[in-house]
1. Do you know which residues across the stretch A:47-72 are of a type in the set (A, V, I, L, M) and either touching a strand residue (DSSP E or B) at 6+ places or on another chain (Cβ under 8 Å) or closer than 29 Å to A:ASP102 by Cα (or both)?
2. Which of the strands (runs of 3 or more DSSP E) contained wholly in the stretch B:1-116 include at least 2 residues that are within 12 Å of another protein chain (Cβ to nearest Cβ) and open to solvent by less than 10 Å² (accessible area, probe 1.4 Å)?
3. Where residues in the stretch A:116-129 are assigned to a strand (DSSP E or B) and not basic (Lys, Arg), which of them is least open to solvent (accessible area, probe 1.4 Å)?
4. Going through the stretch B:149-175 one residue at a time, which ones are in contact with a Ser or Thr (Cβ under 8 Å, 6 or more places away or on another chain) and open to solvent by less than 40 Å² (accessible area, probe 1.4 Å)?
5. For the condition among the hydrophobic types (A, V, I, L, M, F, W, C), within 14 Å of chain B (Cβ to nearest Cβ) and touching a Leu at 6+ places or on another chain (Cβ under 7 Å), what is the one hit in A:PHE38, A:PHE67, A:PHE78, A:PHE108?
Amino acid sequence: MNNLIIEATKYTPEIVFDREKSLLEIRGKSYPENTSIFYAPVFEWLEEYFENAGDEKITVNMELIYFNSSSSKILMDFCDVLDAAASDGKNIMVNWIYEEDDEDGLEFGEEFQEDLESVTFNLVQKSIG
Amino acid sequence: MLSDLYEFKKDLSKRGVFFCLSGPISQNLVAEIGSTLEQKMSLEDTSKSTVLRVFSTVVENAQNIMRYSDEKEETLSLGIIAVGYEGNHYFVLCGNMVENDKVEGLRKKLVKLQKMDKNQLKEYYREQRRKPPPEESKGAGLGFIDMAKKASRTIEFDFKKINDKFSFFSMKTVI
């Protein structure tokens, strides 16, 4: 199984899912015109990944500077997939990384944290500069 | 027309508008407008949260035009977006044509949001995010709720009937 690497554009985030390192990272802005088309390969990759993953520690870093409302829904679906895998016995830690004075970024993280039951979900503040 | 251009610009400034675009809106344009506005607001020492909220409101409005404007040229959707500053707040104006038979549904949706306070909007957003998108929606159906949630005042809107087929929908969001 290959790693999933999608380069960032002006309105889509960088995606680096590294199977060897058990490290999944989404970083940047997300407001594509069609969110489901952009994220389809992400969900396909995850499905195959979790089928083959063992009990290794999996780290997911979500560092989204900005996302539009339809991305917000997809990101929730993404977190739900992680949560389901965690309740299925996978060892998953999610870091929700937000900038120091981004109130909405923190609020979204808190909401995801409340909604998820099985993954370890950390809110990580990134200082500027 | 040429000599009126300065008057037109002056009129926009008088209304606090520092950015205005009327015509076809595309995804690439949205990205460029967004980053230019970000740059401008950073020069004015605007807080990160405010910059992101204005950026977000512009994106949601522009993508609404792209998805729902009933004034189209082939695949391009037409509308108008303006961003301004008045009384210590940024505001975003957005307008596009809609077919008359969609007006009542849209009005109902927006009146419902106008009546909600911050916490109700937050809850409603979370509730709707859990649901499959409404049938007529080409996005997640969350755009208006998102804007109302990020606004510092109640969102304002208006429908102006143009002819038997179309009305002009306009909306103002104060950040």
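1. Scanning the stretch A:47-72 gives A:ILE58, A:VAL60, A:MET62, A:LEU64, A:ILE65.
2. Per the criteria, no element qualifies.
3. A:PHE121
4. B:LYS150, B:ALA151, B:ILE155, B:PHE159, B:THR173, B:VAL174, B:ILE175
5. The conditions single out A:PHE67.
The values are calculated or read from the model by the stated rules, or taken from the named source; none is laboratory data. Just so it is clear, the model here is predicted, and its values are computed rather than measured. Virtual Cβ from ideal backbone geometry, glycine too; neighbours counted across all protein chains shown. Heads up: the accessible areas ignore ligands, DNA and RNA and are worked out on the full protein's heavy atoms, side chains in. Shrake-Rupley method; radii C 1.70, N 1.55, O 1.52, S 1.80 Å.
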